[in-house]
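The values are calculated or read from the model by the stated rules, or taken from the named source; none is laboratory data. As the structure is a prediction and not an experimental result, all values here were calculated from the model. Glycine gets a Cβ as well: all are built from the backbone with ideal geometry, and neighbour counts include every protein chain shown. These area figures cover heavy atoms from the full protein model, side chains too; ligands, DNA and RNA do not enter into them. Shrake-Rupley method; radii C 1.70, N 1.55, O 1.52, S 1.80 Å.
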Amino acid sequence: METKEQLIEQLLDLAFAEDIGDGDHTTLSTIPADAMGRSKLLIKEEGILAGVEQAIRVLHKVDPSIKVNVMIEDGARVRPGDVAFTAEGPVRSLLIAERTMLNIMQRMSGVATMTRKYQDELKGLHTKVLDTRKTTPGMRIMEKEAVKIGGGTNHRIGLFDMILIKDNHIDFAGGIDKAIERAKEYCKENEKNLKIEVEVRSLDDIRKVLSIGGVDRIMFDNFTPEQTKEAVELVAGKTETESSGGITLENLRKYGEAGVDYISVGALTHSVKGLDMSFKAY
């Protein structure tokens, strides 16, 4: 299985392949090979900065000789006119790296900004906002990193690092009891130390899960805040709890006040607008 670093390198290889192809012919035709210059990462919209580390990775992948001076770190609130960092080196390299770097930074900063909005709604509560697998194909590692930068918490990274028994698994398996027992047997037979989470659709489902045991977290699917409060009281600390489905920024706090440990929000990554910024010569 690829490591985080390998996945990022593969993403950058693909990003450069689709953008540069056999060469940036505009830059190669207009800029002398020995031209040196400086550019600054200019913020044009208020939000949470994310992706500085990845931006440096992009710049150095194009040209290790580029010198970067970071002024603002990931996680900081930025405003129009702020300069996150400057870069100095061959002009051709700066221009070739520009769009890939901005695409990543704008996307990550948009995710971090959205995450901060959601987590701020839960101030004073123990509830944490979780991301989901509703991510941009190929960019999951970076988007989940942006969630953490924005103050959120990562759920599972993929299908491989946790067992999450959802409604379709339950229906195809023939019931919650069969699905849970098979999951536990699978972990034992394959020597997998994986946490098991189960999605439930009613209070009766919760009772079944608790009677079976061996589950680390119960997800309340499309419960109302009132139903969530009942569900949390029913679980009473026996497992972690999570709310999912139909949750918006407007009703988020009601779910947190119901006492749930986590709230998963697909909108952190699937409905995000990139933060406006540019890479300008100076």
Worksheet entry | DSSP-loop trypsin sites (Lys or Arg not before Pro) across the stretch 184-249, with at most 12 other Cβ within 10 angstrom | Lys192
Worksheet, complete the sentence: Of all trypsin sites (Lys or Arg not before Pro) in the stretch 99-135, the ones in DSSP coil with at most 11 other Cβ atoms within 10 Å are Lys123
Practice prompt. For the chain, give the percent of accessible area contributed by carbon and sulfur heavy atoms, probe 1.4 Å, rounded to a whole number.
Written response: 49
Discussion item. Could you work out the relative contact order of the chain? I mean the mean sequence separation of Cα pairs under 8 Å and 6+ apart, divided by the number of residues, in percent.
Written reply: 22
Item to complete: Quick one: P(r) of the stretch 78-170 from all Cα-Cα pairs, 5 Å bins, percents rounded to integers, in order of increasing distance.
Response: 2, 11, 17, 18, 15, 15, 9, 6, 4, 2, 1, 0
Practice prompt. Report, for the chain, the % of DSSP beta bridges that are antiparallel, rounded to 5.
Written response: 50
Practice prompt. For the stretch 99-107, take each phi angle, set θ = phi - 60°, evaluate the Karplus expression 6.51 cos²θ - 1.76 cosθ + 1.60, and give the result in whole Hz per residue in order, putting x for glycine and proline.
Written response: 5, 4, 4, 5, 4, 5, 5, 5, 5
Response to the item:
For the stretch 239-282, dividing by residue count, accessible area per residue (probe 1.4 Å) in Å² works out to 40
Worksheet item: Which links in Lys117/Lys280; Lys229/Lys273; Lys184/Lys229; Lys144/Lys178; Lys4/Lys148 stretch past 22 Å when you go from one Cα to the other?
Response: Lys117/Lys280; Lys229/Lys273; Lys184/Lys229; Lys144/Lys178
Item to complete: Between beta-carbons, use under 12 Å as the cut-off and find the net charge around Thr30, counting Lys and Arg +1, Asp and Glu -1.
Response: 0
Worksheet item: Which GluC sites (Glu not before Pro) from the stretch 225-271 combine a DSSP loop assignment with at most 10 other Cβ atoms within 10 Å?
Response: Glu250
Discussion item. Explain nothing, just the number: dipole magnitude of the chain about its Cα centre with +1 on each Lys and Arg Cβ and -1 on each Asp and Glu Cβ, in debye rounded to the nearest 20.
Written reply: 460
